[in-house]
Amino acid sequence: MANDSRSLRRQLLLWLLALLVPLLLAGAVGSYLLANHFSNLAYDRSLFRAALALADQVEVLQGRVVVDLPQKALDLLEYDKDDWIYYRITDPQGITVAGETGLALPSHPPKPGGHVYYDTQLAGKSVRAVAFALPLEGTSARGQALVQVAETRAKRDLLAEEIILAMMLPQLLIVLLAGALVHFGVSRGLAPLERLRQAFAQRSHRDLSAVPCEGAPREVLPLLHAMNDLMQRLRESIAQQQRFIADASHQMRTPLAGLQTQAEMALRENDPARIQHALERIRASTVRLSHLVSQLLALARVEPSSGKEIHWQTIDLVPLARSVCMDHVADALAKQIDLGFEATLPKIEVQGDPLMLREMLANLIDNALRYTPARGKVTVTVLQDNDQAMLAVEDTGSGIPPEERTRIFERFHRLADSPGDGCGLGLAIVREIVLAHQGEITVEHGKEGRGTRMTIRLSLPAAAG
Amino acid sequence: MRILIVEDDPTLADGLTRSLQQSGYAVDCAVNGEQASSMLRDGVYDLAILDLGLPRLDGIEVLRRLRQQGGRTPVLILTARDAVESRVQGLDMGADDYMIKPFSLIELEARIRALIRRGQLGSNIPLSCGRLTFDPSARRAYIENRALELSAREIGVLEVLMLRQGKVVNKEQIMEALCNWDEDLGDNAIEVYIHRLRKKLECSGVRIRTLRGLGYLLEAHHGE
C-alpha cells in the first residue's frame, strides 16, 4: 500500500506539505525582513553616534569648512572588528572636505540638524550609511555641512542570520513534527483495516458469515456494511443454487429409479400383459426424463451465467408466434384442446433474440396445454399497445390462485395437486428470457374469470434502442 | 419402401430398425458417415434417417454430398444437437425434416409416412385417409368406392389437405394451390370451400379441423 501513489499516507503527507511549505516560505521571507529591521535598529544608532562624533570635529575657519582629524581619532573611527567604516564630509557648496568621495549621497537629503539612514554600494560592497546635516548657523559659513558615515554589513548580516535561525528552526521543527504525526496517525488509523485484511485472508472460502463491525472506525463501517450485504446476497444465491441442485437431482433420480425398477421387473416377468404394463411405465418415465433434461439444458442456456450473449435483432412477432403455435398443433390435437392464434396487426416488430423468444413462447404454450383439461381452449395473441408489443397466452384451465402467481416462476415450483407431468422449469425459463429482454410478465385470470392469461410485454424496436 | 438408417449408437439403431421393420419397411443400417455416403449414392432408398454426430464423416457433410450429386432421396435428420442453428443448417443443406433426440417412435413414424408420401407426389399414387381415397391423376376422390361430387376448386383444396394430412395447412397455402385457376380468392371463399368439403366428407371417417388463426388440418377420426 505504501508504494501505491493512491496511498492514504502519501496523500495526507502531500496535502500537509502543500499547506506547510508555502507557510514556511512566507515565514522565511518575514523573518528575513524582521531580522534586517532589528539588526539595523541595533547598529544604526552607533553609526549615528559616530556621525555625531565626526560632526564635532567640523570647524568653520574664515567661512570654510575644515575638519581636524588626528590620526588616532581616525583610527578609532575606522577601527571595527568586523566591518569597514567609511566617512565623508561635504561643505555647503558640495565640495568634499574629507573622507571617501565615492560614498553616495542619500537620495533624500536630511533637513538641517536631521539625519537619514540609507543603503548604498561602495567599492562593490553593500553598505549601510547615515547622513547628518550639520547646521553652520552662528559661524562664518552659511548653510550646512553633510557628515556621512557608512559601514559594511558584516555584523548586521551576522545578527540577522542569528535572528532568522532563531525564528526558522522552530518552524522547521514544527513541519517535521507534523509530518511525523501524520505518518504515525495514518498508520494508527489504518490499523483496523489491516486487522480486517488479516481477518479476510484467514477466512475459509466457505465462510460467508458477516464480518463483525465492532471496533471498526466509523469511516470503514459503510464498506463493512456493503461487504456484509454482498456476503448475504452470495449466501442466498448459493443456497438457491444448492436447493436447485438438490431439486434437480431428486427430479432426475426419481424417474431413473422408476425406469430401473420397471426394466428389472419386466425382465423377471413372464406374463406378457405385465411386461406390457412395465414397458408402458418405462416409456412414461423416459418421456418425463427427456422433458426434464431438455428443460434443464434450456434453462442453462438462457441463464445470465451461461455467458451467452443475446443476438439482438428486429423480429416480427406475428410469424414467429404463429410458427411456434404450429409446432404445438399436434400436442393440442392429441389433448383435444382448441389451440388458436390471433394477431391484431399484420406485423408487430420487437427487438430480441428470435431463438430465445421462440423458447419462451413454446414454454408458455406447452404449459397452457399441459394444465388445460381436454376440450379446453388455448389462445395465443400478439398485439401492440402504445409503445409495447404484447404476447398473451390464455387458457381455460383451472387458473392460478393469486397468492401463487409470483412463486410459479421459481424453479421446480409446481402448484399443489396440479395435474400433468411438467417438471416445474418452464416458467423459470420464461422468466429468465423475459428478464434478458427487459420485458415484463403478468399473470391474471382469463376472460370471464376462468383460466389463466399470461402476458409478456416487450419494447418495440424504436424504444429499445 | 426401403429406408436407410444412419446411426452410430447401437441401441438406438437396433430399436429403430426393429420398429420400422415391424411397420413393414425394408431397413438397412449404416454406422458411419462414409458408409452412409456410399450407400446413398445408388439412390435405392426411399428415405434416409440421418444422425448428425457421426464418426468419420459428419451427417451434415453426408447430406451435402448427397445433394451435390443430385440425389433426391428424402432425408430426415435426427439430432442430439438442439442448438437451433444446426437444425436450420440441416434444412438449408436440403434435409426434408428434422427431429431432436429423444423422440417418440409414433411421431417418427408419422413423419416418415409424410416424407414418403411427399416423395411420391409426382408419381400419382392414390392418397388415402380414413375411408377417403384421392386419385391425383384422375383428380377424383372416393369414399370407399363411391366417387364424390366435387367442384374443381373443392378438389384443389382437398388435394392440398390430403398431401399434408395431419399437418396444418394455412390459407396462403390453399390459395397458392388454387392460383392456377384464376382471379382473386378472398379468405371467405376458402371458408366456403372448406364448409362445402366438410359437408361432403361427412361419414368418410375424415374430418377437417379448423385451427383458429392457423389454418386447417385434415385427419382421420374414429368413432363419434
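The values are calculated or read from the model by the stated rules, or taken from the named source; none is laboratory data. All values derive from a computational prediction rather than experimental measurement. Ideal geometry is used to build each Cβ from the backbone, glycine not excepted, and the neighbour counts take in all protein chains shown. All accessible areas refer to the heavy atoms of the entire protein, side chains included, with ligands and DNA or RNA removed. Shrake-Rupley method; radii C 1.70, N 1.55, O 1.52, S 1.80 Å.
Scanning the stretch A:319-333 for residues that are under 17 Å from B:Gly166 (Cβ atoms), facing chain B (nearest Cβ under 8 Å) and open to solvent by 20 Å² or more (accessible area, probe 1.4 Å) turns up A:Met326, A:Ala330, A:Leu333. One residue alone among A:Ser290, A:Ser305 is in a helix (DSSP H, G or I), open to solvent by less than 90 Å² (accessible area, probe 1.4 Å), of a type outside the set (Val, Ile, Thr) and within 30 Å of A:Asp353 (Cβ to Cβ), and that residue is A:Ser290. When A:Asp395 is tested against the conditions (1) surrounded by 21 or more Cβ atoms within 10 Å (Cβ to Cβ); (2) in contact with a Leu (Cβ under 6 Å, 6 or more places away or on another chain); (3) away from chain B (no Cβ under 12 Å), the lone failure is (2).
Within the set A:Ile456, A:Ile408, A:Ile441, the sole residue that is under 41 Å from the mean Cα position of the chain (by Cα), more than 14 Å from every other protein chain (Cβ to nearest Cβ) and in a helix (DSSP H, G or I) turns out to be A:Ile408.
Yes/no per residue for (1) in the same structural domain as B:Val206 (by TED's automatic domain parsing); (2) within 15 Å of the chain's Cα centre (by Cα); (3) not aromatic (Phe, Trp, Tyr):
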{"residue": "B:Leu66", "(1), (2), (3)": "no, no, yes"}
{"residue": "B:Leu78", "(1), (2), (3)": "no, no, yes"}
{"residue": "B:Lys101", "(1), (2), (3)": "no, no, yes"}
{"residue": "B:Tyr142", "(1), (2), (3)": "yes, no, no"}
{"residue": "B:Leu148", "(1), (2), (3)": "yes, no, yes"}
{"residue": "B:Glu154", "(1), (2), (3)": "yes, no, yes"}
{"residue": "B:Gln165", "(1), (2), (3)": "yes, yes, yes"}
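Which one is farthest from the other protein chains (Cβ to nearest Cβ), of the residues in the stretch A:353-384 that are crowded, with 22+ Cβ neighbours inside 10 Å and under 12 Å from A:Ala321 (Cβ atoms)? Checked the stretch A:353-384; the qualifying residue farthest from the other protein chains (Cβ to nearest Cβ) is A:Leu364.
Checked against the criteria, A:Thr314 counts as assigned by TED's automatic domain parsing to the domain that holds A:Asp421, open to solvent by 50 Å² or more (accessible area, probe 1.4 Å) and of a type in the set (Val, Ile, Thr). Among the residues of the stretch A:380-404, the ones that are in a loop (DSSP other than H, G, I, E, B) and more than 15 Å from A:Gly426 (Cβ to Cβ) come to 6 in all.
Per the conditions (1) within 14 Å of chain A (Cβ to nearest Cβ); (2) under 22 Å from the mean Cα position of the chain (by Cα); (3) open to solvent by less than 60 Å² (accessible area, probe 1.4 Å), the sole criterion not satisfied by B:Gly213 is (2).
Every test in (1) under 26 Å from B:Gln165 (Cβ atoms); (2) within 10 Å of chain B (Cβ to nearest Cβ) is passed by A:Gln336 save one, and that test is (2). The strands (runs of 3 or more DSSP E) found entirely in the stretch B:97-147 that carry 1 or more residues being in contact with a Cys (Cβ under 8 Å, 6 or more places away or on another chain) and touching a residue at least 40 places away in the same chain (Cβ under 8 Å) are B:140-143. Looking only at residues in the stretch A:230-260 that are under 18 Å from A:Ala284 (Cα atoms) and at pLDDT below 85, the one that is most open to solvent (accessible area, probe 1.4 Å) is A:Arg253.
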